[in-house]
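The values are calculated or read from the model by the stated rules, or taken from the named source; none is laboratory data. Please read all numbers here as calculations on a predicted model, not as lab measurements. Cβ placement follows ideal geometry from the backbone for every residue including glycine, while neighbour counts extend to all protein chains displayed.
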Amino acid sequence: MAFSVSCCSVAAAFGFVNLRRYRRFSSDTYSERFDSSEVPLVSVCIPARNEESNIEACVRSVLANRGVNIEVLIYDDDSTDGTPRILSDLTAEDGRVKRVDTETLPVDWNGKQWGCERMGQASKGEWLLFTDADVRLSPECLKTTLIAAHASKCDLISTVPRQIIGTWMEDAIIPLIHFVLLSYLPMGQMRTTTLPAASAGCGQFLFVRKSMWVRSGGHAAFRQSMHDGIKLPRAVRSVGGRTDLFDGTELAECRMYRSAGQVWHGFAKNAYEGLGSFALLLFITVIHIVGHVLPWGWIVWALFTDQIATAATALAGSAIAIAFIQRMIFAKRFQHSLRTVVLHPLGILLLTIIQWHSLWIAKTGRRSWKGRDQTSPDSACLPT
């Protein structure tokens, strides 16, 4: 159990340090940094496939942004629902909304990356925001993000929007985005070097300077990937660009999934790609199971075997307490409910299973995006 305490302690220590580094920005200094005649154009790029329940609210939230010049580009990836009709209405209503012509998906491209590549090429902005149809921006979002990018002196900046959660599976899994990100990312190294491996981002919100997007190869640099949140920051860093993360909890929100099946499929499609290697998957599995699941198993076993008053049980309780304190602090910061904290050990166990399922999906070429199957570039063999 001593190793369990160590696992939780190290994760909590990293998490608390990174939480301080995960900066918030305000739009109050916006006018001090940008003269009204110098405000850059921001091209907001939204790939959409069968998004009739989301696309209008998403676009209207973008158009409601104040104090910034914007154009909204939407790529309809062969939607079969009411998305095309809604896009026609939006483009007719506001000249800032533009629909990028749909082209046949090339055989070696992921649908989302192809749509983002087409929008990036068609954009006119100095800055590009790649976001998803289920994201809603606050009216201050874009100008605050411009402040964050300039203050950080970065070519790409990203954030995890506030996650709207409804079902128990969402409660168990989705808040772990922040937990994993802040517990293990070397954020200090991310800000002092341009090493591609020391970077991260969220595909729901990628704000990048267009000149650097072009220089890094655009989305064509990772055309088969399911994880643009990891791949685009690394591509930018590979050509000398700087990237950063900031806290945009108050600036954007997202309801990714609405059922247990959607959560499982959504995370499984790219969880292994986000880790990047079989060795790291093994490492994370050991840390998570020993540190965050085993102590609970020990406590249950001790209750039924009269072993409750032992040193091992005390250590197990310490590990549980450390993890819960960390999750409570994170829940307050990122506006998660108490239920997400209570479900922590179950969430860690389910996430671990999903990550191994994701490995199987990646290595057998069974990945898909929005219902469209894609051959995985890693499907040649399973690790041995």
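Looking at Val263, Val208, Val214 in this structure, which one is modelled with pLDDT of 95 or more and either farther than 23 Å from Glu51 by Cβ or among the aromatic types (Phe, Trp, Tyr) (or both)?
Selected residue: Val214, the only one of Val263, Val208, Val214 that is modelled with pLDDT of 95 or more and either farther than 23 Å from Glu51 by Cβ or among the aromatic types (Phe, Trp, Tyr) (or both).
Here the stretch 309-361 is the region considered, the condition is being within 17 Å of Ala11 (Cα to Cα) and among the hydroxyl-bearing types (Ser, Thr, Tyr), and the residue that is nearest to the chain's Cα centre (by Cα) is Thr352.
Within the stretch 17-36, restricting attention to residues that are buried (at least 16 other Cβ atoms within 10 Å of the Cβ) and assigned to a helix (DSSP H, G or I), the residue that is modelled with the lowest pLDDT is Tyr30. Do we find a residue being in contact (Cβ under 8 Å) with a residue 24 or more places away in the chain, of a type outside the set (Lys, Arg) and assigned to a loop (DSSP other than H, G, I, E, B) anywhere in the stretch 171-181? Looking for residues that are in contact (Cβ under 8 Å) with a residue 24 or more places away in the chain, of a type outside the set (Lys, Arg) and assigned to a loop (DSSP other than H, G, I, E, B), one finds at least one in the stretch 171-181, hence yes.
Go through the stretch 265-285 and count every residue that is under 22 Å from Thr159 (Cα atoms) and not basic (Lys, Arg).
Step one: filter the stretch 265-285 for residues under 22 Å from Thr159 (Cα atoms), giving 266-276.
Then keep just the ones that are not basic (Lys, Arg); that gives 266-268, 270-276.
So the count comes out to 10.
Every condition in (1) modelled with pLDDT of 95 or more; (2) crowded, with 17+ Cβ neighbours inside 10 Å holds for Arg49 except the one numbered (1). Consider Thr144 carefully, then state whether it is of a type outside the set (A, V, I, L, M, F, W, C) and surrounded by fewer than 19 Cβ atoms within 10 Å (Cβ to Cβ). The answer is no for Thr144.
Can you find even one residue in the stretch 71-93 that is in a helix (DSSP H, G or I), free of Cβ contacts under 8 Å to residues at least 24 places away in the same chain, over 17 Å from Thr249 (Cα atoms) and of a type in the set (A, V, I, L, M)? Looking through the stretch 71-93, at least one residue is in a helix (DSSP H, G or I), free of Cβ contacts under 8 Å to residues at least 24 places away in the same chain, over 17 Å from Thr249 (Cα atoms) and of a type in the set (A, V, I, L, M). When Ser61 is tested against (1) touching a helix residue (DSSP H, G or I) at 6+ places or on another chain (Cβ under 7 Å); (2) at pLDDT 95 or above; (3) surrounded by fewer than 22 Cβ atoms within 10 Å (Cβ to Cβ); (4) small (Gly, Ala, Ser), only condition (1) is not met.
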